[in-house]
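The values are calculated or read from the model by the stated rules, or taken from the named source; none is laboratory data. The structure presented is a predicted model; accordingly, all values stated were derived computationally and were not measured. As a convention, Cβ positions derive from the backbone with ideal geometry for all residues, glycine included, and neighbour counts pool all protein chains shown. Surface areas here come from the heavy atoms of the whole protein model, side chains and all, with no ligands, DNA or RNA. Shrake-Rupley method; radii C 1.70, N 1.55, O 1.52, S 1.80 Å.
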Amino acid sequence: MAIERTLTILKPDCVRKGLIGDVTKRIQDAGFKILAMKLTRLTPQTAGGFYAVHRERPFFGELVEFMSSGACVPMILEKENAVADFRALIGATNPAQAAPGTIRADFADSVGENIIHGSDSVENGHIEAAYFFAESDVVANQA
Ligand code: CMP
């Protein structure tokens, strides 16, 4: 299987609940290497741009408001089969439907406030990573 990169965001509910450490440990214990990370806060404009694909959805306004409501922690992750493996680690978008032991099943409250984002394809992962990081922020060689 190919080595892939994916983009995650520990969302404002994750930061507010004091779960940055717990969730990051789950990610690292699952074999993901962190190539870039930072604490930041999205504006409504940047949150709207990041989720532009959902602009026509009825929940778009709520999503933008939530994602710009506090600090978040984006990270670029790398691993074999990273995109699919990360989505398995975090669980279904709606935590009520997420498999037991997944991050969303264990920590998330609702479909709107679901703790964590994971890219849905390698291509989107690259696009999403560029939203938060410059190439020079990516530490690929950590030896
Ligand atoms: P995420 O994986 O970050 O990508 C899009 C987000 O939209 C998703 O997580 C959810 O947090 C949010 N979302 C999806 N469906 C709904 C919904 N019905 N109501 C509110 N937010 C939603």
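Data overview
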| quantity | calculated |
| --- | --- |
| Residue count for region 80-104, restricted to those that are more than 24 Å from T46 (Cα to Cα) and either over 15 Å from the mean Cα position of the chain (by Cα) or among the hydroxyl-bearing types (S, T, Y) (or both) | 9 |
| Matching residues, region 73-98, being of a type in the set (A, V, I, L, M, F, W, C) and under 18 Å from I127 (Cα atoms) | V73, M75, I76, L77, A82, V83, A84, F86 |
| Any chance E56 is open to solvent by 70 Å² or more (accessible area, probe 1.4 Å), farther than 30 Å from A143 by Cα and acidic (D, E) | yes |
| All positions within region 42-74 that are more than 11 Å from the ligand (Cβ to nearest atom), more than 13 Å from G112 (Cβ to Cβ) and not in a helix (DSSP H, G or I) | L42, T43, R55, E56, S68, G70, A71, V73, P74 |
| Pairs where the first residue, in region 1-18, is free of Cβ contacts under 8 Å to residues at least 60 places away in the same chain and the second is not in a loop (DSSP other than H, G, I, E, B), C-beta under 8 Å, 6+ apart | V15/A71; V15/C72; V15/V73 |
| Members of region 113-127 that are within 11 Å of the ligand (Cβ to nearest atom) and either buried (at least 17 other Cβ atoms within 10 Å of the Cβ) or part of a loop (DSSP other than H, G, I, E, B) (or both) | E113, N114, I115, I116, H117, G118, S119, D120 |
| Residue in region 85-107 that is within 18 Å of E4 (Cβ to Cβ), modelled with pLDDT of 95 or more and of a type in the set (F, W, Y) present | yes |
